[in-house]
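Here's the structure we're looking at; comments come further down.
The values are calculated or read from the model by the stated rules, or taken from the named source; none is laboratory data. Nothing here was measured: the structure is a model prediction, and the numbers come from that model. Methodologically, a virtual Cβ is constructed for each residue, glycine included, from the backbone with ideal geometry; neighbour enumeration extends over all protein chains shown. Heads up: the accessible areas ignore ligands, DNA and RNA and are worked out on the full protein's heavy atoms, side chains in. Shrake-Rupley method; radii C 1.70, N 1.55, O 1.52, S 1.80 Å.
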Amino acid sequence: MSPAMAITNERSDDDVSPQNHQYLNGVKQLYENGLRRVPNKYIFPASDRPNHNTQHPNLIQLPIIDFSQLKGPNRPRLLHSLSHACEHYGFFQVVNHGIGEDVMRKMMDVCRRFFDLPFEERGKYITTDMEAPVRYGTSFSATKDRVLCWRDFLKLMCHPLPDFLPHWPSSPADLRKLAATYAQETKYLFLTLMEGILESLGIVGEETEELKQLMEDGSHMMMANYYPPCPEPELTLGIPPHSDYGFLTLLLQDQVEGLQIQHQAQWLTVQPLPNTFVVNVGDHLEIFSNGKYKSVVHRVLVNGVKHRISVASLHSLPFSSTVRAWPKLISETNPKKYKDTGFGDFLDYVSTREHKRKDFLDSRKLY
Ligand code: OGA
Ligand code: NI
């Protein structure tokens, strides 16, 4: 522990030089060192700070998609709900999804046990390589972010699983097994939801075969987020406003509130529901649907007392593919909205600046 980190009411300075590891080691370390003030490096400009009203948060009731109804006579009605949710909310919650309660609980539990490991063990996976099969870190990029956010993360590449599994953390000993099961089951959920979403866009039959194959071979990564309690939650954020890059993100979260979405110009809190996935449209689906389905800006608040864990599964086409508007969805009245976009375009963009709000997607706009 550096002298600056001793328990103190002083706000520590902004030294993030490589010699000073106090921030690179993440917010769990800061929290465990008994910090009473948030260091300057974590303080967001006043305009970006949450207006904390945790006593009476503005809640949003997200559309609920009953996955079990996708099969059977109610499919058309369900696809209509799905379409409405993707168009007007960019977010929905999936219930009756068929993934066992134990699979979800064990995934959360093993992530919690990973973050509980001594720092030396977690720290083995620290890398600045965005494409590493496993990456442990804090904020987005601890060395580059102007303001750091209050989260540590473990990112696991998942597809193809046999290539990546041997690189995943060897401790806790059951992490690979539990996370692999979780990855396989959520991949199936993603593929089935996408099939419904394609149908809701009028993309059916033979023309979907190639797309479905691409989705099956598609990129899949899991991001386990850890948000320790924060001494001054009104000054910082767990994750600042952003949209997700892929087609869909499936979010598993514990029972602690934190996720907020921007809806009709307001920040609204998503109340966690047990055994439910929060699913959101990413930039790639917005490009693919030629703007019909919207990726939505969201952020994460932290709080003064509770730890929070979430696992976001991000799915898209293979990293080598180009995402483009589906030709049938382009018309004279709805001309092509976005440039064809490869994963490389996204990496180039985020490697030169911070990913904020929908800046990346905006940069791909044709008009
Ligand atoms: C993300 C994200 C939300 C959450 O990882 O991209 O938005 O609740 N996470 O942790
Ligand atoms: Ni996100």
(request) Starting from the Cα-Cα distance between residue 321 and residue 51, subtract it from 0.36 nm times their residue separation and give me the gain in nm to one decimal. (result) 93.2 nm
(request) Among the chymotrypsin sites (Phe, Trp or Tyr not before Pro) in the stretch 160-223, which ones are in a DSSP loop with at most 11 other Cβ atoms within 10 Å of the Cβ? Mind listing them? (result) none
(request) Please tell me the relative contact order of the chain in percent, rounded to the nearest whole number, where contacts are Cα pairs under 8 Å and at least six residues apart. (result) 19
(request) Mind ranking 168, 326 by accessible surface for me, highest first, 1.4 Å probe? (result) 326, 168
(request) For the stretch 34-42, just list the computed ³J(HN,Hα) in residue order, Karplus coefficients 6.51, -1.76 and 1.60, θ = phi - 60°, integers in Hz, with x standing in for Gly and Pro. (result) x, 4, 9, 10, 7, x, 3, 4, 9
(message) Can you order the peptides 332-342, 285-295, 107-117 by their average number of other Cβ atoms within 10 Å per residue, highest first?
(response) 285-295, 107-117, 332-342
(message) Suppose only helical runs count, i.e. DSSP H with n ≥ 4. What mean residue ellipticity at 222 nm does that imply for the chain under -39500 (n - 2.57) per run, divided by all residues and rounded to the nearest 500 deg cm²/dmol?
(response) -8000 deg cm²/dmol
(request) Go through 156, 311, 170 and say which Cα lies farthest out towards the positive end of the charge dipole of the chain; charges sit on Cβ, +1 for Lys and Arg, -1 for Asp and Glu. (result) 311
(request) Using a 1.4 angstrom probe on heavy atoms only, work out the carbon and sulfur share of the accessible area of the stretch 74-363 in %. (result) 52
(request) Rounded to the nearest Å, what's the spacing between the alpha carbon centres of the stretch 226-302 and the stretch 171-212? Just the number, please. (result) 20
(message) Suppose each label sits 7 Å from its Cα in the direction of the beta carbon; what would the residue 127-residue 167 distance come out to in nanometres?
(response) 0.5
(message) For the pairs 144/339; 28/306; 187/339; 144/187; 155/328, flag any whose C-alpha to C-alpha distance is greater than 24 Å.
(response) 144/339; 187/339; 144/187; 155/328
(message) Give me the 1.4 Å probe accessible area per residue for the chain, excluding ligands and nucleic acids, in Å².
(response) 44
(message) Taking θ = phi - 60°, what integer Hz values does the Karplus form 6.51 cos²θ - 1.76 cosθ + 1.60 yield along the stretch 89-102, in sequence order, with x for Gly and Pro?
(response) 10, x, 9, 8, 10, 9, 10, 6, 8, x, 7, x, 3, 5
(request) Please report, in debye to the nearest 20, how large the charge dipole of the chain is about its Cα centre when each Lys and Arg carries +1 at its beta carbon and each Asp and Glu carries -1 there. (result) 540
(request) Determine which aspartates and glutamates satisfy two conditions relative to residue 71: a Cα distance under 14 Å, and not lying fewer than 8 residues away in the same chain. (result) 195, 199
(request) For residue 306 and residue 116, compute 0.36 nm times the residue count separating them, minus their Cα-Cα distance, and round to one decimal in nm. (result) 66.9 nm
(request) Just grab the label-to-label distance for residue 333 and residue 64, each label 7 Å out from Cα along the Cβ direction, in nm (one decimal). (result) 3.5
(request) Give the residues of the stretch 169-200 whose amide nitrogen is closer than 18 Å to a point set 7 Å from the Cα of residue 77 in the direction of its Cβ. (result) 200
